[in-house]
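The values are calculated or read from the model by the stated rules, or taken from the named source; none is laboratory data. The structure presented is a predicted model; accordingly, all values stated were derived computationally and were not measured. Cβ atoms come from the backbone with ideal geometry, glycine included; neighbour counts cover every protein chain shown. Each accessible area value is taken on the protein alone, full model and side chains, heavy atoms only, with ligands, DNA and RNA left out. Shrake-Rupley method; radii C 1.70, N 1.55, O 1.52, S 1.80 Å.
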Amino acid sequence: MKLYSRQSGRRRIVALTGVGAMVAAALVALPATAAHAAVACSVTYTTNTWVESPGVGGFTANLTINNLGDPVSGWTLRFAFPSTAQSLTPPGWSATWSESGQQMTATNLDWNRDLGTGGSTQIGFNGRWTGSNPNPTAFTLNNVACNGGGGNQAPVVSLTSPAGGQTFAAGAAVPLAANASDPDGTINRVEFLVDGAVVATDTTSPYSASATGLTSGSHSAAARAFDNANPAASTTSTAVSFTVQPATQPSILASPTSLALSSGGSGTANVRLSAAPAATVTVNLTRGGSTVITSSPTSIAFTSANWQAGVTVTFTAATGTTAATSTFTAAATGYTSATLTVSRNGTGRVDNPYVGAGVYNNPDWRARVLAEPGGSRVANQPTGVWIDRIAAIAGTTGAMGVRAHLNAAVTQAAGAPFVIQFVIYNLPGRDCAALASNGELGPTDLPRYKAEYIDPIAAIFADPAYANLRIVAIIEIDSLPNLVTNTNGRATATPECDTMLQNHGYVDGIGYALSKLGAIPNVYNYLDAAHHGWIGWDDNFGATADLMAQAANASGSSVNNVTGFITDTANYSALSEPFITVDDTTRPSKWIDWNRYNDELTFAQAFRNRLIQAGFLSNIGMLIDTSRNGWGGPARPTAASTDPDLNTRINASRIDRRIHKGNWCNQSGAGLGERPRAAPLAGIDAYVWIKPPGESDGSSTAIPNDEGKGFDRMCDPTYTGNARNGNSMSGALAGAPLSGHWFSAQFQQLMQNAFPPLS
């Protein structure tokens, strides 16, 4: 039930990103004899390419080797770069790589030396190019050519609308259309790009969309088609240029044009002009409809200095339990007006449930803590209550059930505003990329998840006896990001995650949970948002936000059922890294690995903005789980290193002392982090301890159990790693019990290394 990094080697994704065509082949080249296995193979080669200066750049190559013949024990793959100006950037991953001129050689590692019939393995490397970056077309496996049958051809795509040189009136929708086909399969999807940015996606032929809100001037459009056999591979059409004419009358522009607010909540919109004014222009905002929503300011003076950047207008909804809608018109003489629709959702919820409220101290956890030497120093801290299987609803041996916790919360509240935190954690096919946190429900058990798990929890939460509590529901950690990072042919992909992507079990299950729990007026849903070391890379960041919006609108739910998001749940990423600045000089380091974020605070703030862009309410708040990310003790740096070597400097300066960001299980050297508190910074609803310190992430060895929890080697201190942690040691503590069970040695270390230190 812990999070971990999903990177597959070093990557760099920038604005100009291309995906190389796939090259694949298969041929039985040697007869099968007692002495020689019959080799038949196919190789898929895809690239992400970026431009650093005209005619110069880099790329990431990912290769999938498929064994179509007899089992192979030990393999060597060879191919040649088509250009002398292409080269390997060592060391590559998942194989031992070498380069001689244009010739590339990859030899198996111990863990992937055996390829059974039908088996495959993924390897890759980073490279440099000058002039162009063509893909290699010929591969050999153990000196046998992979050059016929079983190949996969790249899709073909052409943009049919707009036509080159076409002109559109300002404000008009620009029609986008494309023809796309796959010579040996089907098209996965077609993306439409305007000025290099994706503006729409269509999965059904005829492929079409439209672009709106484009500024006056010249623009370019293109279409990008993705292959069904490898959805990471694509072909981009030739771009065409078109023009948007200036409006005949200047306009007042507002973004967004609609806001949904909670009771007592607020949100913002930007108001600006479409063109520079010759003199000061006064825009007045007049309100129609409900009077419970107000704007500030109500009048804006635009000049040549602020017309383009615009002015932020704040809309505030008065506290109330009924729904309300106001319409604000921004108008000025000689300008086309803009209309903003602002609504209050009427649930009666406060904007931030943690402000002005006490938070539940779990008696089960408190008893374990008080039994530990020195535990009294943190025994009063609030922690999450994990409902990790159906039996946990009623309670299990030594653990209270949901209703018992709520009754205890009513007693602790004593009539004052009070929060109790539950973790909703029992999706079908749970945590498809790990074993320690697998659950009791199989991939097809969505009906059981709804009827036997969510429905009974919702019925208890809705009991009028608990109406005065603020019930925070942390919705399904370790779920949706897996569908972005561990599917579709990535080096970190698993069959289980591909299954959950295809059957919509995660998306539909989360949508159902949000819908059922969101219908209860005093429940606040926070959806799990992973952490920076998982989705902080460009190719994961936006895709995860968009997928979360899809889930929030599934199974009868809507974004109105989401109060906010939580990051770093049950993980170890440092809250902040004060001695490291993430920029173009530090991103190439092995620790940062081209990620745009290096701590949870900057990630949470940036991801909040991206989630709002994806369609979530503008007043969503973020929680950060700080239960185990303090990293205190003697190894904690006190200043930035000045070592001339980049990797040495970063390693000496970082707060997070893990061996690798992909390590997630019972990390040695970790410490308690910031104590729970409300609203520490703008956009952050609270620092919380959702993962109760002292509860194990997973067992160090296989332990038979009836909880559906498997043994994950990432919890074994002797494990030398995999693609998800750069084939590094796991960094796990020895002697750990099953996930969720009490781990005294870990708790003692967390107290010892706490930062801020315990008094």
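How much accessible area per residue does the stretch 549-603 have, counting only protein heavy atoms and a probe of 1.4 Å, in square angstrom?
Accessible area per residue: 31 Å².
Using helices alone, what [θ] at 222 nm do you get for the chain, with -39,500 (n - 2.57) per DSSP H run of 4 or more residues, divided over all residues and rounded to the nearest 500?
It lands at -4000 deg cm²/dmol.
Can you run the Rg to Rh ratio on the stretch 456-506? Use alpha carbon positions and the Kirkwood inverse-distance Rh.
1.26
Per Stokes-Einstein, at 10 °C and 1.306 mPa s, what whole-number D in µm² s⁻¹ belongs to the stretch 252-384, with the Kirkwood radius over Cα pairs as the hydrodynamic radius?
Reported coefficient: 90 µm²/s.
Starting from the 7 Å offset along Cα-to-Cβ, what nm value, one decimal, do you get for the label separation of Thr212 and Ser337?
For Thr212 paired with Ser337, the spin-label model returns 1.9 nm.
Leaving ligands, DNA and RNA out of it, work out the accessible area of His504 with a 1.4 Å probe and give it in Å² to the nearest 10.
Surface open to solvent at His504 totals about 90 Å².
Relative to the compact-globule scaling 2.2 N^0.38 Å, provide the ratio for the alpha-carbon radius of gyration of the stretch 452-558.
So the Cα radius of gyration is 1.17 times the expected 2.2 N^0.38 Å.
Provide the percentage of antiparallel DSSP beta bridges, counting only those with both residues in the stretch 596-742; round to the nearest 5.
Antiparallel bridges make up about 55 percent of those DSSP assigns within the stretch 596-742.
Normalised radius of gyration for the stretch 485-615, please: alpha carbon Rg relative to 2.2 N^0.38 Å, two decimal places.
My calculation over the Cα atoms of the stretch 485-615 gives 1.14.
Quick check: residue separation of Arg677 and Gln166 times 0.36 nm, minus the Cα distance between them. What number comes out in nm?
Taking 0.36 nm per residue and subtracting the Cα distance, the gain is 178.3 nm.
Using a 1.4 Å probe over the heavy atoms of the protein chains, calculate the carbon and sulfur portion of the accessible area of the chain as a whole percent.
Carbon-and-sulfur percentage of accessible area, whole number: 53.
Cα gyration tensor of the stretch 545-703, axes a ≥ b ≥ c as square roots of the eigenvalues: rounded (a/c below 1.5), prolate (a/b > b/c) or oblate?
Judged from the Cα gyration tensor, the stretch 545-703 comes out prolate (a/c at least 1.5, a/b above b/c).
Can you give the accessible area of Asp584 in Å² (nearest 10), computed on protein heavy atoms with a 1.4 Å probe?
Surface open to solvent at Asp584 totals about 110 Å².
Counting alpha carbon pairs within less than 8 Å and at least 6 residues apart, what relative contact order, in whole percent, applies to the chain?
That works out to 10 percent.
List the lysines whose alpha-carbon lies under 19 Å from that of Lys516, not counting same-chain residues fewer than 8 positions away?
Leaving aside lysines fewer than 8 places away in the same chain, those within reach of Lys516 are Lys450.
Between Ala465 and Thr314, with labels modelled 7 Å along Cα→Cβ, what's the label distance in nm to one decimal, could you check?
Label-label distance for Ala465 and Thr314, simple model: 4.1 nm.
For the stretch 465-531, run through the trypsin sites (Lys or Arg not before Pro) and keep only the ones in DSSP coil with at most 11 other Cβ atoms within 10 Å of their Cβ.
Filter output for the stretch 465-531: empty list.
Whole Å is fine, so just give me how far the alpha carbon centre of the stretch 711-759 lies from that of the stretch 452-519.
Measuring centre to centre over Cα atoms gives 26 Å.
In µm²/s, what is D for the stretch 174-250 at 20 °C and 1.002 mPa s, where D = kT/(6 pi eta Rh) by Stokes-Einstein and Rh is the Kirkwood radius from Cα pairs?
The Stokes-Einstein estimate is 161 µm²/s.
Which value in nm describes the separation of the simple spin-label points at Asn609 and Thr204, placed 7 Å from the Cα toward the beta carbon?
3.6
Students often forget the sequence filter, so: which lysines lie under 21 Å Cα-Cα from Lys691 once same-chain residues fewer than 8 apart are removed?
Lys2, Lys661, Lys709
Using a Förster radius of 25 Å, what is the FRET efficiency between Ala519 and Thr294 based on their Cβ-Cβ separation? Nearest 0.05, please.
0.35
Ordering Met400, Met622, Met729 from largest to smallest accessible area (1.4 angstrom probe), what's the sequence?
Met729, Met400, Met622
With r defined as the distance between the Cβ atoms of Ser376 and Asp455 and R0 fixed at 35 Å, what FRET efficiency is calculated, to the nearest 0.05?
0.35
Let me know the shape class of the stretch 195-318, please: from the alpha-carbon gyration tensor, a ≥ b ≥ c as square roots of the eigenvalues, rounded when a/c is under 1.5, otherwise prolate if a/b is greater than b/c, or oblate.
oblate
For a quick check of understanding: with a 1.4 angstrom probe and all protein chains in place, what accessible area in square angstrom does Lys590 have, to the nearest ten?
My reading of the accessible area for Lys590 is about 150 Å².
Quick check: from the Cα gyration tensor, does the stretch 562-618 come out rounded (a/c under 1.5), prolate or oblate?
In terms of gyration-tensor shape, prolate.
Antiparallel versus total DSSP beta bridges in the chain: what percent is that, nearest 5?
Close to 75 percent.
Can you quote the Å³ per residue value for the convex hull of the Cα atoms in the chain, rounded to an integer?
179
Calculated FRET efficiency, Arg587 and Arg636, Cβ-Cβ r, R0 25 Å, to nearest 0.05?
That gives a FRET efficiency of 0.60.
Using per-residue counts of other Cβ atoms within 10 Å, averaged over each peptide, order 262-274, 532-544, 475-487 from highest down.
Packing proxy ranking, top to bottom: 475-487, 532-544, 262-274.
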